[in-house]
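A short worksheet on the structure shown next.
The values are calculated or read from the model by the stated rules, or taken from the named source; none is laboratory data. Just so you know, these numbers come straight off a predicted model, no measurement behind them. Here the Cβ is made from the backbone with ideal geometry for all residues, glycine too, and neighbour counts use every protein chain on show. Please note that ligands, DNA and RNA were not included when accessible areas were found on the heavy atoms of the full protein model with its side chains. Shrake-Rupley method; radii C 1.70, N 1.55, O 1.52, S 1.80 Å.
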Amino acid sequence: MKVVLAAIGERARPAFEELAKMYAGRMEAYAEVEVTGYRSEEAFLEAMERQRGRTAPVVVLLDGRGRQMSSEQLAEWLGRQRDEGQQRMIFAVGPANGWSDEARKRAGALLSLGSMTLAHELARVVLCEQVYRAFTILAGHPYHRGS
Ligand SMILES: C[S@@+](CC[C@H](N)C(=O)[O-])C[C@H]1O[C@@H](n2cnc3c(N)ncnc32)[C@H](O)[C@@H]1O
């Protein structure tokens, strides 16, 4: 399975970029990982459109109005996708002013990180940590237990 961790808008400042890449690097023990950015929501949606077809990816938009899950629930869901043979999961953090309704309609799923609004750079760091955590839960790695 390949996991794409995307962000829309300006490149994150170095401190945020470094943290996102640190978790993405750790994730590589479990999946192929790509950290990428798109200059606008439109560019992102166009890229998603080009990937439609037989092996269409699951596109998960990070959104405050989305479904909230515990880390264990995210792990279970991700594990199910993997076991069902899903080859490509795209998680995307929206632009600073959020996703349009059109983007929300086209998403495979909307995922909330909680009811508080995070700065988009921070949301991507939290996303990367939670997807990494999900893989460690699936692998039975002690990271999730804090040991
Ligand atoms: C500053 S927030 C956008 C706030 C905007 N007013 C809205 O309602 O979506 C920028 C991006 O960060 C992500 N984000 C921020 N807080 C989030 C949360 N609690 N859960 C999921 N994503 C979040 C989303 O991808 C959002 O599009």
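Structural remarks
- Candidates ASP63, ASP83, filtered to the one that is under 22 Å from LEU19 (Cβ atoms) and out of contact with any Asp or Glu (no Cβ under 9 Å at 6 or more places or on another chain): ASP63
- Hits in region 122-147 - residues which are within 14 Å of the ligand (Cβ to nearest atom) and open to solvent by less than 20 Å² (accessible area, probe 1.4 Å): ALA123, ARG124, VAL125, LEU127, CYS128, VAL131
- Failed condition for MET22, given (1) part of a helix (DSSP H, G or I); (2) open to solvent by less than 70 Å² (accessible area, probe 1.4 Å); (3) over 19 Å from GLY94 (Cα atoms); (4) hydrophobic (A, V, I, L, M, F, W, C): (2)
- Top-ranked residue of region 35-75 - restricted to ones that are in contact with a helix residue (DSSP H, G or I) (Cβ under 8 Å, 6 or more places away or on another chain) and over 18 Å from ALA123 (Cβ atoms), ranked as most open to solvent (accessible area, probe 1.4 Å): GLU72
- Qualifying residue in region 104-118 (condition: farther than 11 Å from ASP63 by Cα and open to solvent by less than 40 Å² (accessible area, probe 1.4 Å)): no
- Evaluation of ALA92 against the conditions (1) touching a strand residue (DSSP E or B) at 6+ places or on another chain (Cβ under 6 Å); (2) without any contact (Cβ under 8 Å) to a residue 60 or more places away in the chain; (3) within 15 Å of the ligand (Cβ to nearest atom) shows that the sole unmet condition is (2).
- Qualifying residue in region 52-59 (condition: in a strand (DSSP E or B) and of a type outside the set (D, E, K, R)): yes
- Screening GLN130, GLN86, GLN81 for residues that are part of a loop (DSSP other than H, G, I, E, B), among the polar types (S, T, N, Q) and in contact (Cβ under 8 Å) with a residue 40 or more places away in the chain leaves exactly one candidate, GLN86.
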